[in-house]
Amino acid sequence: MIGRFLELLTCLADSEVDFVIIGGFASAAHGCTNVTQDIDICCDFSPTNLMRLQKALADLNPVHRMTSKKVKLELTEDNCKSLKNLYLDTELGQLDCLGYVKGVGGYRQAVKVSEKIEIEGKVFNILNIDALIESKKTMNRPRDLQTVIELKVLKDKRNDDNS
Amino acid sequence: MPPSSSGLGRWVLIPVTGVRVPLGVFIMTNTNKDQENTSFDEQSRFDELVEHYPYLKEARDYGVDIQMLMDNADRTPAERLRRHQSALNALNMLKGARKL
């Protein structure tokens, strides 16, 4: 069983939130060895999609994790118009929602460079290996450089297996 | 102890020899210091792999667990994420461990 992260992603998918899995969880899905303690997604930051996101998380006590007092997530059609990112803590784990991924672009672009994976009967979009490499290279943190190296090996292996 | 060396195992097909190397016979080391102690046989197999996957050497030098990485490569996304969750569960257990 894949556990809490899958449960969290399933909540989003079941509420028809438009998102692409990015970051460490996407890297792990491709085969990278690092463990991540949160889920990063790139999602459509339209008010409609953000309200769907809020509905998806309604039973999980979502709070803004970057605020000192862990302010409860309370979006309205008006106040979410200016949002670019959301950094949340939920009962199923930490969820960082980005409207823009460095090295990739906004949600629409992320969808174009994503691929579908199936986990326990659920289908999700994740950033493909090339896009993940670009985004990690752009971040340029030491741990991202390790991920880039691993992704390059995994890409070569996959190309080899498919040829 | 390495996994069993019997059977074909799920491992990379080495194009040079055409032989699929059983997992238990091919143990990667992930540090340069360990490399000094690896057998000639294991080192030459690694060298063959690096010829085929050039970034492997960089990965090894960076300290990546090559065996784990290549094993993950042969798994489905769901299997990889199950492994990932197991590791995360272990990490969370350690966080809650009581110091004696």
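Distance between the modelled labels on residue B:43 and residue A:139, one decimal in nanometres: 3.6 nm (7 Å Cα→Cβ projection). Straight Cα distances below 20 angstrom link residue A:70 to the aspartates and glutamates A:38, A:40, A:59, A:89, A:91, A:96, with same-chain residues fewer than 8 positions distant left out.
Extension gain residue B:99-residue B:50, at 0.36 nm per residue separation less the Cα-Cα distance, in nm?
Numbers: separation 49, 0.36 × 49 = 17.64 nm, distance 4.27 nm.
Between residue B:99 and residue B:50, full extension yields an extra 13.4 nm.
Each label point was placed 7 Å from the Cα along the Cα-to-Cβ direction; for residue B:76 and residue A:100 their separation is 3.8 nm. Listed by chain and number, the lysines whose C-alpha is less than 17 Å from the C-alpha of residue B:57, apart from same-chain residues fewer than 8 away, are A:152, A:155, A:157, B:33. When the pairs A:102/A:136; A:136/B:95; A:69/B:95 are compared against a 18 Å limit on Cα-Cα distance, A:136/B:95; A:69/B:95 fall above it.
Spin-label model, residue A:7 to residue A:115: label points 7 Å out along the Cα-to-beta-carbon direction sit 3.0 nm apart. For residue A:55, the aspartates and glutamates whose Cα comes closer than 12 Å to its Cα, not counting residues fewer than 8 places off in the same chain, are A:14, A:16, A:74. The GluC sites (Glu not before Pro) of the stretch A:85-163 that meet both conditions, a loop assignment by DSSP and at most 13 other Cβ atoms within 10 Å of the site Cβ, are A:91, A:120.
Other chains near A:147-158: what is the mean number of their Cβ atoms within 10 Å of each residue's Cβ?
Numbers: counts 1, 3, 10, 12, 1, 6, 14, 7, 3, 6, 11, 1.
Per-residue shielding by partner chains comes out at 6.
Calculated on the alpha-carbon coordinates, the convex hull of the stretch A:4-162 measures out at 115 cubic angstrom per residue.
None of the figures in this text is laboratory data; all of them are computed from the coordinates on show. Since the structure is predicted, the reported quantities are computational estimates derived from the model, not experimental observations. As a convention, Cβ positions derive from the backbone with ideal geometry for all residues, glycine included, and neighbour counts pool all protein chains shown.
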